[in-house]
Amino acid sequence: MKKNQEVKLNMFEADSNVLQKHNSTWSGNAPFSSAVTEFENSIEEIVGLRNRQQENIIGIAEDKKNKRKALEKQTYTISCALVFYATSTGNTELLSKVKFSRRKLSKARDNEIAGISEQVHQAADENAAAILPYGVTGALIAALAAALTAYVEYISLPAAAKGEKKNATKE
């Protein structure tokens with residue numbers, strides 16, 4: 001909350017305390033009683049917005065970072081096996097699809113790393129039997145798919161959380 005918003009909320013809560021203290025004076029007046037109820041509801045809404053603003057969103061960014069690192073690691077591991085397979089069989093088309101350095105993976109943008117990982121996963125899935133001797137099991141391929149899904153779900157969450165916090169301040 002901005003300072004002026006906090007000051008107003010404090011004033012509203014002070015007014016509410018005075019109204020509650022003198023409840024017996026105005027409780028018989030229906031229009032005034034209705035206005036007080038609306039006023040109290042507004043205070044509750046403001047407090048709810050304040051609580052949304054104070055939520056810690058750093059954890060979301062950390063989760064995204066961890067999911068990305070896991071995705072990069074799994075993508076690189078399977079990519080290396082596919083590169084060895086493609087090189088040993090002379091499959092240049094496969095080689096061009098799956099040859100990525102760690103640096104390329106770490107420097108890729110959010111949606112780009114998702115696309116690269118999807119490409120590697122698809123190639124691994126298509127060549128699952130052939131890359132089994134290179135240590136790539138069905139479980140590793142499935143783990144890459146799970147890591148990809150988990151990361152894609154997190155791509156926009158930090159920005160959305162920041163936007164939510166900003167919208168709560170505007171309201």
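Quick notes on this structure:
- Among (1) closer than 16 Å to Leu71 by Cβ; (2) at pLDDT below 90; (3) of a type outside the set (A, V, I, L, M, F, W, C) - the single one Gln119 does not satisfy: (2)
- Leading residue by the ranking (farthest from the chain's Cα centre (by Cα)) among those in the range 75-87 that are of a type outside the set (Phe, Trp, Tyr) and open to solvent by 60 Å² or more (accessible area, probe 1.4 Å): Thr87
- Whichever residue in the range 122-167 is at pLDDT 90 or above and outside any helix (DSSP H, G or I) and, among such residues, is least open to solvent (accessible area, probe 1.4 Å): Val136
- Only residues that are open to solvent by 70 Å² or more (accessible area, probe 1.4 Å), within 20 Å of the chain's Cα centre (by Cα) and at pLDDT 85 or above were counted across the range 31-72, and they come to 3.
- Qualifying residue in the range 17-31 (condition: in contact with a Phe, Trp or Tyr (Cβ under 8 Å, 6 or more places away or on another chain) and among the hydroxyl-bearing types (Ser, Thr, Tyr)): no
- Count of residues meeting criterion [open to solvent by less than 90 Å² (accessible area, probe 1.4 Å), in a helix (DSSP H, G or I), under 14 Å from Asn127 (Cβ atoms) and not small (Gly, Ala, Ser)] in the range 88-110: 5
- The requirement of being farther than 21 Å from Glu112 by Cβ and of a type in the set (A, V, I, L, M, F, W, C) is not satisfied by Ala61.
- Some residue of the range 19-32 being touching a residue at least 24 places away in the same chain (Cβ under 8 Å) and either in a helix (DSSP H, G or I) or hydroxyl-bearing (Ser, Thr, Tyr) (or both): no
The values are calculated or read from the model by the stated rules, or taken from the named source; none is laboratory data. Predicted model only: the values in this text are computed from it and were never measured. Virtual Cβ from ideal backbone geometry, glycine too; neighbours counted across all protein chains shown. Keep in mind that these areas ignore ligands, DNA and RNA; they rest on the heavy atoms of the full protein, side chains included. Shrake-Rupley method; radii C 1.70, N 1.55, O 1.52, S 1.80 Å.
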